[in-house]
2 protein chains.
Amino acid sequence: MGADYYSAAVQGPHEHFELGPYTLDSGDTLPAARLAYRTLGRLNAAKDNAVLVPHMYSGTSASMQMLIGEGRALDPSRYFLILPDQFGSGLSSSPSNTPAPFDRGHFPAVTIADDVRAQHRLLTEQFGITALHTVLGWSMGGQQTYEWAVRHPEMVLRAAVFAATAKTPVQNQLQLDVQCELLRADPAFADGFYTDSDDVHLGLSRHAMAWAATSTSYRFFRDEVWRRIGFAAAEEFTLGFTRSHFQPMDPNNLLRQAAKWRAADVSLCTGGDLKAALDRISAEFFVFAFGDDLLFPVEDHERDAAMIRNARLRVMESPLGHFTMFGLIPEDAAAIDDALAEVLKS
Amino acid sequence: MGADYYSAAVQGPHEHFELGPYTLDSGDTLPAARLAYRTLGRLNAAKDNAVLVPHMYSGTSASMQMLIGEGRALDPSRYFLILPDQFGSGLSSSPSNTPAPFDRGHFPAVTIADDVRAQHRLLTEQFGITALHTVLGWSMGGQQTYEWAVRHPEMVLRAAVFAATAKTPVQNQLQLDVQCELLRADPAFADGFYTDSDDVHLGLSRHAMAWAATSTSYRFFRDEVWRRIGFAAAEEFTLGFTRSHFQPMDPNNLLRQAAKWRAADVSLCTGGDLKAALDRISAEFFVFAFGDDLLFPVEDHERDAAMIRNARLRVMESPLGHFTMFGLIPEDAAAIDDALAEVLKS
């Protein structure tokens, strides 16, 4: 059953911050919105060791634990790590967990800014945090990092984006259109009004096909790098890994996240002027691009970095493409940890 | 009506070579297979000026006329240009034009080798041609060129492939899976047993979305190159151009072509040994890669070229990616004509 996937039994323990009536950028007001999150480590007395780590598409706050550990850069013995869930993650307010009139296909569109406004309330109201040591994220987590650095420059001392842009490129929007259409094309999706997400298994499988074609790289398959991560055949990776990742998820949740990703644009707060938006950033800012990323190519990172004061651009080469962040091969895991260390000590 | 698209009124005049009962690689025998083709120019007395130009996916023999003209490299006053239609093009034997028991969804799988065997009969039986001045093609036309150069090395004096590989890479197969699944997901497709291809307009539109996401390049959208080819907005290109290209076509025809593309592999004739297959090539061989091609990246061309004796690899830079071949911007058109001139005089 898809619904179980979002349970604490699967996702691990997490907290909820009650937002109360919460008005979204769409104009809709969720009557009792909730922001799920989890923390690791302890906030110190000076409240200057808080690190915010929003998650990527199809992830939850649990996913970002992959970056964290004793002895690693993101060490909970040193930092207070706050892992918020996106709206639509299935843990924060989402199509899968919101009662009528905003249930399932009725759940409104959400934006990256909706997430960041909710996270801001969590940090200030719940923890009394006025400045973040660091905000960092991968992919949609990077989009949220951009929104944080532009919207609350005074609060963000350091920021790092991995494989993410300040405004979603058109080419990437087309890739999203394909993956969403594959999901929606399943008649069982029924415009978002299925009763059990398992009924939409065909749509979820098709959606996984689009991910298989964009998640790694040409080189990953050309050089059979899947062997290095324990697969005996390419199909085992493309069908096995990718399909099993998405199969337990809720299609409406995925579609709300994807629409948010597609519309991501920090220049919405400066009337469409991207340079002006990025000019607001005062953080020590790191832009990490993955050399073979098929979703967010290096060049888009170069363009963003050129508009950010003191931005440091780093290109990380790996055949894993967009999935470099998972650290599936040891070099990736080491490079990501080194990158995080550089950001945190900057 | 989709069926009209394949008429002489739309496609222009073309001939048919009757193959009679034709046994495909699948083992199925088409009782009365036909190979459509058209020629431009005249075969000289020595029969040494024949140039074969097979076409790309979703094209017909008419498409390749875009490369041909008086004063251009492929000048019909100088060469005898033979433009064959693929099986599945809609003009040669195809799901859309074959009677029961091989009509529509019953039409068997076809291979690149099936095409080349039929073309070989056309050349030898109809025209008495024993050697081809040149074989050249783009994309699936390039796959057929590879098959010619490997299968009939003694007949192919010069060959040029543009944006094509000797064996379809896994990454490219995944892209094909996405586009085919988008087409098949339309309930009106009915496993290939629709009565009117217009009924599958949703599937055809979705299939066009996949093409919009792979046909050009990140740079094409980043730098708004669509402005240079007369579009006022990115959507006008992605939805307008791409969708209108595919909308009149027959879904079964497209799917048979795509399956053929997906399975393309010249090493099938050498027991899976690609090096041995490419070692058979004796032609002056040109490999043209398009720098920003999202379907067939440069590196795959490098790998093929390294296995071909005397291969000349040329990388052509254009934001048009896989669509560089269309010559939609003047630099592309000039570069393609220069490339063809180099091949023909080699």
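The values are calculated or read from the model by the stated rules, or taken from the named source; none is laboratory data. Everything quoted here is computed from the prediction, not taken from an experiment. Positions of Cβ are backbone-derived with ideal geometry, glycine not excepted, and every protein chain shown enters the neighbour counts.
In table form, for the structure just shown:
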read-out: Hits in region A:120-162 (condition: over 12 Å from the mean Cα position of the chain (by Cα), over 16 Å from A:LEU278 (Cβ atoms) and in a helix (DSSP H, G or I)); value: A:HIS120, A:ARG121, A:LEU122, A:LEU123, A:THR124, A:GLU125, A:GLN126, A:PHE127
read-out: Test set (1) surrounded by 23 or more Cβ atoms within 10 Å (Cβ to Cβ); (2) in contact with a helix residue (DSSP H, G or I) (Cβ under 6 Å, 6 or more places away or on another chain); (3) among the polar types (S, T, N, Q) - B:GLN247 fails condition number; value: (1)
read-out: Residue match in region A:296-306 (condition: within 23 Å of B:ARG219 (Cβ to Cβ), in a helix (DSSP H, G or I), touching a strand residue (DSSP E or B) at 6+ places or on another chain (Cβ under 6 Å) and away from every other protein chain (no Cβ under 13 Å)); value: yes
read-out: Single condition A:SER318 does not satisfy, out of (1) closer than 17 Å to A:ALA339 by Cβ; (2) hydroxyl-bearing (Ser, Thr, Tyr); (3) in a helix (DSSP H, G or I); value: (3)
read-out: Selection from region B:219-229 of residues that are more than 10 Å from every other protein chain (Cβ to nearest Cβ) and in contact with a Leu (Cβ under 9 Å, 6 or more places away or on another chain); value: B:VAL225, B:ARG228, B:ILE229
read-out: Selection from region A:75-93 of residues that are buried (at least 24 other Cβ atoms within 10 Å of the Cβ) and either within 14 Å of A:THR23 (Cβ to Cβ) or not hydrophobic (A, V, I, L, M, F, W, C) (or both); value: A:PRO84, A:ASP85, A:GLN86, A:PHE87, A:GLY88, A:SER89, A:GLY90, A:SER92, A:SER93
read-out: Flag if A:ARG256 is more than 9 Å from chain B (Cβ to nearest Cβ), among the charged types (D, E, K, R) and surrounded by fewer than 20 Cβ atoms within 10 Å (Cβ to Cβ); value: no
read-out: Every residue from region A:168-198 that is at the interface with another protein chain (Cβ under 7 Å from one of its Cβ atoms), under 20 Å from A:TRP138 (Cβ atoms) and surrounded by fewer than 22 Cβ atoms within 10 Å (Cβ to Cβ); value: A:PRO169
read-out: Residue selected from region B:260-284 under the condition out of contact with any Ser or Thr (no Cβ under 9 Å at 6 or more places or on another chain) and modelled with pLDDT of 95 or more, by the criterion surrounded by the fewest Cβ atoms within 10 Å (Cβ to Cβ); value: B:GLY271
read-out: Residue check for A:PHE102: of a type outside the set (Gly, Ala, Ser) and closer than 14 Å to A:ASP28 by Cβ; value: yes
read-out: Out of B:THR165, B:THR216, sole residue that is at pLDDT 95 or above, facing another protein chain (nearest Cβ under 10 Å) and assigned to a loop (DSSP other than H, G, I, E, B); value: B:THR216
read-out: Residue satisfying all of: in region A:236-252; within 18 Å of B:THR168 (Cβ to Cβ) and either touching a strand residue (DSSP E or B) at 6+ places or on another chain (Cβ under 8 Å) or more than 9 Å from chain B (Cβ to nearest Cβ) (or both); modelled with the highest pLDDT among these; value: A:PHE237
read-out: Meets criteria (more than 21 Å from A:MET209 (Cβ to Cβ), in contact with a helix residue (DSSP H, G or I) (Cβ under 8 Å, 6 or more places away or on another chain), touching a residue at least 40 places away in the same chain (Cβ under 8 Å) and assigned to a helix (DSSP H, G or I)) for B:ARG262; value: no
read-out: Members of region A:134-166 that are in contact with an Asp or Glu (Cβ under 8 Å, 6 or more places away or on another chain) and surrounded by fewer than 21 Cβ atoms within 10 Å (Cβ to Cβ); value: A:LEU157, A:ARG158
read-out: The listed residue being within 14 Å of chain A (Cβ to nearest Cβ) and of a type in the set (A, V, I, L, M, F, W, C), out of B:ALA333, B:ALA289, B:ALA276; value: B:ALA289
read-out: Among the candidates A:PHE246, A:PHE193, A:PHE241, A:PHE189, residue that is without any contact (Cβ under 8 Å) to a residue 40 or more places away in the chain and of a type outside the set (D, E, K, R); value: A:PHE241
read-out: Of residues in region B:319-337 being of a type outside the set (A, V, I, L, M, F, W, C) and touching a residue at least 40 places away in the same chain (Cβ under 8 Å), the one farthest from B:SER215 (Cα to Cα); value: B:ASP337
read-out: Single residue of B:GLY27, B:GLY41, B:GLY20, B:GLY59 found to be small (Gly, Ala, Ser), more than 15 Å from B:LEU91 (Cα to Cα) and surrounded by 14 or more Cβ atoms within 10 Å (Cβ to Cβ); value: B:GLY41
read-out: Residue list for region B:215-225, filter: surrounded by fewer than 24 Cβ atoms within 10 Å (Cβ to Cβ) and under 20 Å from the mean Cα position of the chain (by Cα); value: B:SER215
read-out: Qualifying strands (runs of 3 or more DSSP E) (wholly inside region A:26-111; at least 3 residues being over 19 Å from A:LYS345 (Cβ atoms)); value: A:29-40, A:80-84
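For every residue, the table says whether it meets (1) within 14 Å of chain B (Cβ to nearest Cβ); (2) touching a residue at least 24 places away in the same chain (Cβ under 8 Å); (3) over 19 Å from the mean Cα position of the chain (by Cα); (4) not in a helix (DSSP H, G or I).
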residue	(1), (2), (3), (4)
A:VAL200	yes, yes, yes, no
A:ALA210	yes, yes, no, no
A:PHE231	yes, no, yes, yes
A:SER282	no, yes, yes, yes
A:ASP293	yes, yes, no, yes
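Yes/no per residue for (1) more than 13 Å from A:ASN253 (Cα to Cα); (2) of a type in the set (S, T, N, Q); (3) touching a residue at least 40 places away in the same chain (Cβ under 8 Å):
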| position | (1), (2), (3) |
| --- | --- |
| A:VAL51 | yes, no, yes |
| A:SER61 | yes, yes, yes |
| A:MET64 | yes, no, yes |
| A:PHE102 | no, no, yes |
